[in-house]
Structures are given as C-alpha cells and as structure tokens.
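Throughout, read-outs are computed from the coordinates displayed, never taken from laboratory work. Because the structure is predicted, anything quoted here is derived from the model rather than measured. Please note: Cβ atoms are built from the backbone with ideal geometry, for glycine as well, and neighbour counts cover all protein chains shown.
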Amino acid sequence: MVRKVKPIWEALGKLDRRWVYLFVSLSILFPLLFPLNLPLTVTKHVKAVYDRIENLPDTSAVLIAFDFDPSSIPECLPMAISLCHHVMKSGKVLIVYTNFPETGPIAERVLEPLAAKFQREYGKHYVNLGFKPGNDVLLMALGSSWTTSFPKDFRGNSTQEMEIFSRFPSYRHLSFMVDVAHGATVDFYITIGLAQFGVPLAAGVTAVSIPQYEAFVQTGQLVGLLGGLKGAAEYEKLVGTKGKATRGMDAQSVAHLVIIFFIFLGNVSVVRNIILKNISAMRIKK
Amino acid sequence: MLRFTAIIICGIAGLIILVEFFFRIPLFTKLQNGMMDWVIILLSFSYLMGGISIFLSHLQRIQRKYDGWYYSLVLVVCLLLMVTLGIFVDYGPNGAFQWLFKNVQNPMQSTMFALLAFYVSSASYRAFRVRNLHATLLFVAAVLVMIGKVPIGEILWSKFPEISQWILSVPSLAAQRALTIGAALGLIATGLKTLLGIERSWLGK
Amino acid sequence: MIGTWVAAFFTLAIFSFLYRDNPIYRLAEHIFIGISTGYYIAVQWHSVVKPNVVDKVLLGDYLPLIPGVLGLLLLLRLIPKYQWIARYPIAIYIGVGAALNMIQYTQGFLIAQIQGTMLSPTSINNLLIILGTLTSLTYFFFALEHKHLSKVSKIGIGFLMLSFGAAYGTTVMGRLSLLISRFDFLLFEWLGGMF
C-alpha cells in the first residue's frame, strides 16, 4: 500500500497539538532561565493610577480590594502587592478587603511584610477586613458603615475600637480606591462606589478584561487601568521593585511570538489557496 | 398563593431600595441598610447550601457504588477534614487549615486555569483562519494586540504599542460600548420584569 | 519545604491532563473539590455566620436571628418536600438584586456610556467611536427586520470583529501569564529550592 504524503503547506496546518504545547512550554522556560531583560515602557493608564495615589494628601484613606482568587493570582497578586507597597510607602491609610472567600489569607501575607518594612501600625495605618459575601449589596452596606458589615477583621479583632474606622467610618470617606479584580466586581465600584458615593476609582484587571474596561477609562469613570501581567510589571517599575510580573515579561514576549508564529503557520495553506484562486480567476478573465 | 406571596416579598424588597434611592426618606434608608445586612447573611447561607449539596451528591455516589465512587470518597474525606480543621481546630494563619489551602487548593486552582494557555495556543493554531474579511479583521486585531502588549513588540517596531492601544481605545472600545449599553438595557428590563412579577423563573417549578 | 513538594506534586498532577485523562489527575481533581468546598464552608462560618449572627445573638442583639433563620430556611431547598419554603428568603435577595441592578446600570453604565459617546466629531478617532458604537448597536437591534439595516449592521460586525480580535489577543496574554507563573513556581521555588 502506498502511503499518501500530504503537501508541505497542508501538513504545516495540521501538526499534532502536542508540538504546539512543547514549543509554548519551551518559549516560557528559556526566558525564565535565561532572562533577556527587555526594556519596559510605562503606559499612561498605569501612570495615571500611580500619580493619583502619589498626589493624595497624607491624611487620606485608600481602599485596595483584593477581588481575585488563586486562579488569577499570577496577574492580580503582583498588582496588589505593588499598590499596597505604594500606599504604605507614601504614608496613606490602607484598607483592604475582598469579595472572594479565598483571598483574606493572601492579603494577610502581602500586608505583613510591607507593614514591617514601612513601620505601619495595624488598626491605625492599615487593616485587613478579610472576606464578606454580597458584592454590590455589601458595597451598598459599606456606604453607611464599615463596622456593621465587618464587626470583626480578618484576624478576628473587633473593628469597633479601631482608630482607622473612627477617622474613616464608611466607604464614602475614602479618597480613592483600586479594585484589583479578575471578574465583574469593578462594575459595582463604578455603579455604586463612584456613581452613588462619589469615590474615584481605578482598576487592576486581568488581561482578558482589558477591552471591556477601556470604555470606562475613556468616560473618565476609571482614573486609570492596570491590565494583566504587563500592567503589574509597569507598576512594579514605578514603585521601584522587581517582582514576579517583571520576571515574567520576557517569557510573555517570547511566548506571544511563538503563538503568532503558529497562527501564521496554520494559515499557510489558506493563503496559498486564496492566491491560487485569484490567479486562476485572473487567467479566466484574460 | 404561595408563589404569589414570594412575588410580593420580592416586589416589596425591591421597592424599599428604589424608594430610598429616589426620595432618601430616613425610614427607608434605615430599612435599606438593615436589609443589606440581612442579604449578606442570606448569601452566606447560599454558599453553605452549595457546599452541603456537593457533599450530599457525592455521599450518594458512594452509597450507590457508582463508577469511580472511591474518588467521591476522597472528596468527602477532604471536605470533612477541611470543615473540621477550619471550624473546630485552627483557622489561624499557621494552622493545618491554611496550610492545606496554600499548598493544595491554591496551586491546583492556579494550574487548572494555566492549562487554558495550552488550549488557547492550540486553538490559535488550528482555528484562526483568514477565510473572509471579518475573519481577517479578527486575525489582524488579535496579532497586533498580542505583539503590541509585550516589551518585544516595542523593540521590533516602536509603533506596535501605539497601534495596539489604538485598536483597544477606538474601534474595540466602540464595539465594547455597544455591548455594555445592550447589557445594561437588558439588566434594567429584567430587573423591572422581576419586580413586577412578570419574570418568575427564579421561583422554580 | 514539604509544602512546596506537595504544591509541586499537585501542579504536575493537574498538568498530566495535557497528555490524557488519568487516575492521578482524577484523584487530584477530587481532592481539589473536597478541599475547596470545605474551605468555603469554614470561611463562611468565620466571615459571616459567626460574627454577624452567632456572636451578636450571644451579646444580646436578637435581630440577626431573623436573617439567620431565613438562611436556615434557604437550606431546605435541598429537601424536595420542603423546597418551596426556600422561595421566601430567595425572594428577598432577588428583589434587592433586581432593584439594585436597575439603579446601578441606569446611572453608572447606561447614562455614562451614552454620554461618553457624545463626542464632538472633530477628530477621526471620535468619529470612529460614534460610528462604531451606533453601527454595533444596530447589529443587536431586533425590533426591525435586518434587511433594512444590513449595510449598517455589516459595518457594526466589522467593529465587533476588531473588538473580539483584541479580546482574543488579551485572552492569550492572560492565559500565558497563568502558565508563566506555574513554571516560575516549578523552576524557582520547587527545583530551585532543591539545588
């Protein structure tokens, strides 16, 4: 039996998926092991968030909502770390809470070392309220008081006696908030936090959500936008740290090139057919 | 009658919120704040209901010796272990409960989503075909955004980041805005239908 | 150290699905569901049920008993015979949610987004935003037969395709970031910790 050999342009479009997996894996592994240190430019959306926090008076309170779960830690956690770093370093009061059950302990692991580094006192300069369900309903409730919905913080301390909540008793008393989110929670802060309580906001979102929230930057509803690992890396650059986001940027670059290469490879036979069709159409015309 | 009572409760709950928003009557503000706290508690019980439902369905699989019942047994043991550790033993940051969350749940949840990177790569290679004008537009936008959103794009051509940002903040923004407006209209209409008792699917059978 | 090994084992167990479905993946998957469900239950207890209901009642504030009892009624949804009782607590949050949606999306989304499109048509970008929004909206306009609007809505499809392409690009970007993070963990925290 004679085995029929596929023409090369057809074979290029029908490689086994595991070849794609292998090349994508290698495109990530090599830059992680041998960094290229590609230069990173800070975009205006990210700079706008940084500038807003930087220019707030020292007496103001900023909320960083850790609205993500382990599935989006790689993109969101570096953003949350850099934002908390910035708020604490610049001497503003920091309030943290989350709409996700998994993220209370993650926030705790972020805040503790930063507080030690910048000598911030718990309950006076920063607080981790932990998780509470409710999303938009919770936010409505926070508009009247933090302590009613959060009688205790993540550590189990009573919030009634905390200095932070006598100075900033409700959501309305915030000067700025950033929602580091992997889902639609940003919508609640736009529609309630900003529209009803007048608290300006920015968002740090996963790359998937970038197109959706561009429209809110254009209307001015979002002060700025941190998008995906690149947004996180840009913020790391602004605060002067080199975290996991910066480390991942080289791998991200090379992996994108590999995927684009595969997209072109998959289209070789399609483009060939289009060209052949046009040539034959021209011949018929002649 | 029972269904009608539920619809009335739903309507009154919604009405309190709407009256408070439009008229800011102190009594309604108080009612609204109280109701928000209640809803937070109710939502928490709905999480518990979800958890109990998973527990019961796997318990049934074990009892009836369904195919792969031993996996369900592992699931039930893990669930009970976490509940016991979290509620009765040590919820604190250094306890076994948080250790299991950090070293078992956390890496697995991250990895499950990381698998999608392989599938999306394979889909890019197999399904992204420039067969007509619309598919070509999709292709061009995807490639330009991919290349413009990483540092190497800027090295290859300094205009790539600008083009990528332009796609996101002009044509893509326009389409996303239409989707947002459409979704908002849909949500507002559904909300109104629910409060008026026209939309009743939430009542179940 | 043990934690890193455990995390690495489960990471590799999940990755093994890339080759094919296998018993190790199945085991890891069920451990994951069990652990996370148990985690959610315990977190709900500590975050809401205990501080917002139990502790308050123990201090003599009996009002939270009402939502507490309503919450217990919600659990009756799991018993077919008494399912109907769960409709009442559900009715409260459906009502609150519906009203909140109406307010939120009118004020924060609809009005603001329409305002954002009322741009002065003095630049090409502004014109494109106006044209793109209107034509894309036309594509979703089902009150009139599309043959009257086909040319306009075809332009809209063009804008939508550009947007979906951009969304595809950012989706690839996001998914790769997740993979980078897992490889980073395996390389530097697990293998790096060994050598």
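Structure data summary
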read-out	value
Selection of trypsin sites (Lys or Arg not before Pro), the stretch A:183-274, meeting DSSP coil and at most 12 other Cβ within 10 Å	A:LYS242
For the stretch C:48-169, size of Cβ-based charge dipole, Lys and Arg +1, Asp and Glu -1, in debye	320 debye
Chain B: relative contact order as a whole-number percent, Cα under 8 Å and 6+ apart	15 percent
Helix axis angle, A:103-118 relative to chain A longest principal axis, alpha carbon, degrees	70 degrees
Using alpha-carbon coordinates, inclination of helix A:73-89 to the longest axis of chain A, degrees	40 degrees
Packing-based order for C:119-125, A:150-156, using average beta carbon neighbours within 10 Å, highest first	A:150-156, C:119-125
Among the listed pairs A:LYS44/A:LYS244; B:LYS149/C:LYS151; A:LYS244/B:LYS159; A:LYS277/B:LYS159; A:LYS92/A:LYS230, those beyond 24 Å (Cα-Cα)	B:LYS149/C:LYS151; A:LYS244/B:LYS159; A:LYS277/B:LYS159; A:LYS92/A:LYS230
The stretch A:1-59 versus the stretch C:20-36: alpha-carbon centroid distance in Å	29 Å
Built amide H within the under 5 Å cut-off of A:TYR126, gap 5+	A:LEU94, A:GLU121
Part-to-part distance (alpha-carbon centres) for the stretch B:113-141 and the stretch B:62-77, which is given in Å	39 Å
Distance from the stretch C:49-87 to the stretch C:172-195 (C-alpha centre basis), Å	44 Å
The stretch B:1-103, relative contact order [Cα under 8 Å, separation at least 6], %	11 percent
Choice from A:GLY224, A:GLY198, A:GLY134 with maximal GNM fluctuation in chain A (Cα, 10 Å cutoff)	A:GLY134
Peptide ranges A:110-122, C:93-105, C:54-66, B:27-39 listed from the most packed, as the mean C-beta count within 10 angstrom indicates	C:93-105, B:27-39, A:110-122, C:54-66
Gaussian network model of chain A, Cα within-10 Å springs - most flexible of A:VAL96, A:VAL258, A:VAL20	A:VAL20
Average other protein chain Cβ within 10 Å of Cβ, residues A:75-88	1
Average beta-carbon neighbours from other chains, 10 Å sphere, peptide A:95-105	3
By average C-beta atoms within 10 angstrom, highest first, the peptides B:118-124, A:159-165	B:118-124, A:159-165
Antiparallel DSSP beta bridges within the protein assembly as shown, as percent of all bridges there, nearest 5	5 percent
Approximate spin-label separation C:LEU58-A:VAL268, in nm, with each point projected 7 Å along Cα-to-Cβ	7.0 nm
Neighbouring partner chain Cβ atoms per residue of B:131-141, average, 10 Å criterion	5
0 to 90° range, to nearest 10: angle between helix A:44-54 axis and chain A longest Cα axis	10 degrees
Within straight-line cross-link reach of A:LYS152, lysines at Cα separation under 16 Å, skipping those fewer than 8 residues along the same chain	A:LYS124, A:LYS132, C:LYS50, C:LYS56
